[in-house]
Amino acid sequence: MNLAKKIFEIRKASQHTQDEFAAKLFVTRQAVSRWENGETTPSVETLKKITEIFKVDANSLLSDGEPVFCQSCGMPLLKIEDLGENADKSANLEYCSYCFLDGKCKKDFSIDEMVESNLNWLKEWNEANGTSYTKDEARPLLKSFLSTLKRWK
């Protein structure tokens, strides 16, 4: 289910009209209509409000149960604040806030530079995933994974 349908389902489940839903989020009814039609995407701040006000888990809002990864660095997009921002301040659902701001990539990395940058977080990765990769072991695995992402294809 895409974000537009999820927003519609959240609104319906809470038994709000578009006007009532909009009032709770301090936006217009037209904005809610455009989100539900998939014409636009809410801002990161508005998505945070939706999760808080309507008690919706950010992961269920962002994905269909499958992990969603930044299409540049590969970071799991687990929280609304992890999302990048488009030029119009709407949330970018494909890139993280570290890689994408104002509608463009923040840094002009090569894939090899991205691998080396990501290796700075290897200790945290190993701890979170119960692994014990060395940098030399992780480097080719990381490059292989990154090459599957949109930015590097």
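A few points about this structure:
- Qualifying residue in the stretch 28-46 (condition: open to solvent by 30 Å² or more (accessible area, probe 1.4 Å), aliphatic (A, V, I, L, M), in contact (Cβ under 8 Å) with a residue 12 or more places away in the chain and on the phi < 0 side of the Ramachandran plot): no
- Restricting the stretch 47-59 to residues that are closer than 16 Å to residue 92 by Cβ and open to solvent by less than 30 Å² (accessible area, probe 1.4 Å), the residue that is modelled with the highest pLDDT is 47.
- All positions within the stretch 137-153 that are over 13 Å from residue 94 (Cβ atoms), part of a helix (DSSP H, G or I) and either open to solvent by 60 Å² or more (accessible area, probe 1.4 Å) or in contact with a Phe, Trp or Tyr (Cβ under 7 Å, 6 or more places away or on another chain) (or both): 137, 139, 140, 141, 143, 144, 145, 146
- Every residue from the stretch 102-120 that is within 23 Å of residue 85 (Cα to Cα) and open to solvent by 70 Å² or more (accessible area, probe 1.4 Å): 104, 106, 107, 108, 113
- Of all residues in the stretch 100-112, one or more are hydrophobic (A, V, I, L, M, F, W, C) and at pLDDT 95 or above.
- Among the residues of the stretch 107-153, those that are of a type in the set (Ser, Thr, Tyr) and over 18 Å from residue 71 (Cα atoms) comprise 131, 132, 133, 134.
- Evaluated against (1) touching a residue at least 40 places away in the same chain (Cβ under 8 Å); (2) open to solvent by 90 Å² or more (accessible area, probe 1.4 Å); (3) not small (Gly, Ala, Ser), residue 94 falls short on exactly one condition, (2).
- In the set 83, 3, 77, only one residue is closer than 30 Å to residue 108 by Cα, buried (at least 17 other Cβ atoms within 10 Å of the Cβ) and in contact (Cβ under 8 Å) with a residue 60 or more places away in the chain; that residue is 3.
- Considering residues of the stretch 14-27 that are over 22 Å from the mean Cα position of the chain (by Cα) and farther than 13 Å from residue 53 by Cα only, the residue least open to solvent (accessible area, probe 1.4 Å): 18
The values are calculated or read from the model by the stated rules, or taken from the named source; none is laboratory data. Since we're looking at a predicted model, the values are computed, not measured. Here the Cβ is made from the backbone with ideal geometry for all residues, glycine too, and neighbour counts use every protein chain on show. In case anyone asks, the SASA skips ligands and DNA or RNA and just uses the protein heavy atoms, side chains included. Shrake-Rupley method; radii C 1.70, N 1.55, O 1.52, S 1.80 Å.
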